Amino acid sequence: MPSATAPAAARAQSFLAFDFGTRRVGVAVGNTLTALARPLTTLALQGEARLAAIARLVDAWQPDALVVGVPFHPDGAEHDNTRQARAFGRRLRARFALPVHEVDERYTTVEARAAGAADLDAASAALILEQFLRTQREAPLPSDHAAA
């Protein structure tokens, strides 16, 4: 029987991750218990239709937080897609009142393609989420951490 002073086991957290693109957004789900992610779907929608589809996924999966892949040039420099992905993350945070974590997504599409993924966008989202989950095991962020 655990003592009254023993720390409670941390509750597993679940996440939805997004591989943002201007035409498509890949989506994956995962959790801290298994530290694994799985591709869910790719949304080939724009504007409010895209956000409505994401809202349905948030309602269905009830994640503790969201993870957005942010692309950079190979040398780490930002580009237009970097700014668009960050803006997407800000929209998600405002719409769903959930923490949004950013992950450097360089090479995830190449990795998904090399693995033979049928849905590159959703597979890339799963790779983004697994990268995030690995960092959580190494140095967990406070539960209220969100990217600026």
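The values are calculated or read from the model by the stated rules, or taken from the named source; none is laboratory data. Computed from a predicted structure; not experimentally measured. So basically every Cβ, Gly included, is an ideal-geometry build from the backbone, and we count neighbours across all protein chains shown.
Observations, loosely collected:
- Of all residues in segment 22-34 being over 13 Å from the mean Cα position of the chain (by Cα) and in contact (Cβ under 8 Å) with a residue 24 or more places away in the chain, the one that is surrounded by the fewest Cβ atoms within 10 Å (Cβ to Cβ): Thr22
- Each residue in segment 85-105 was checked for being of a type in the set (Asp, Glu) and surrounded by 16 or more Cβ atoms within 10 Å (Cβ to Cβ), and 2 of them qualify.
- Residue identified as of a type in the set (S, T, N, Q) and crowded, with 21+ Cβ neighbours inside 10 Å among Thr108, Thr82: Thr108
- Residue selected from segment 99-122 under the condition aliphatic (A, V, I, L, M) and farther than 24 Å from Glu78 by Cβ, by the criterion nearest to the chain's Cα centre (by Cα): Ala122
- Restricting segment 8-21 to residues that are crowded, with 16+ Cβ neighbours inside 10 Å and touching a Phe, Trp or Tyr at 6+ places or on another chain (Cβ under 9 Å), the residue that is farthest from His79 (Cα to Cα): Phe15
- For the residues Leu98, Leu127, the requirement of being over 16 Å from Thr22 (Cβ atoms) and in a helix (DSSP H, G or I) singles out Leu127.
- Residue in segment 60-74 that is surrounded by fewer than 18 Cβ atoms within 10 Å (Cβ to Cβ), within 19 Å of Gln131 (Cβ to Cβ) and touching a His at 6+ places or on another chain (Cβ under 7 Å) present: yes
- Strands (runs of 3 or more DSSP E) enclosed by segment 10-94 - at least 3 residues per element that are at pLDDT below 95: none
- Within the set Ala118, Ala126, Ala85, Ala94, the sole residue that is touching a Leu at 6+ places or on another chain (Cβ under 9 Å) and either among the aliphatic types (A, V, I, L, M) or farther than 20 Å from Arg24 by Cβ (or both) turns out to be Ala126.
- Answer residue from segment 111-148, given it is under 21 Å from Ser14 (Cα atoms), among the small types (Gly, Ala, Ser) and exposed (fewer than 11 other Cβ atoms within 10 Å of the Cβ) and is modelled with the lowest pLDDT among those: Ala148
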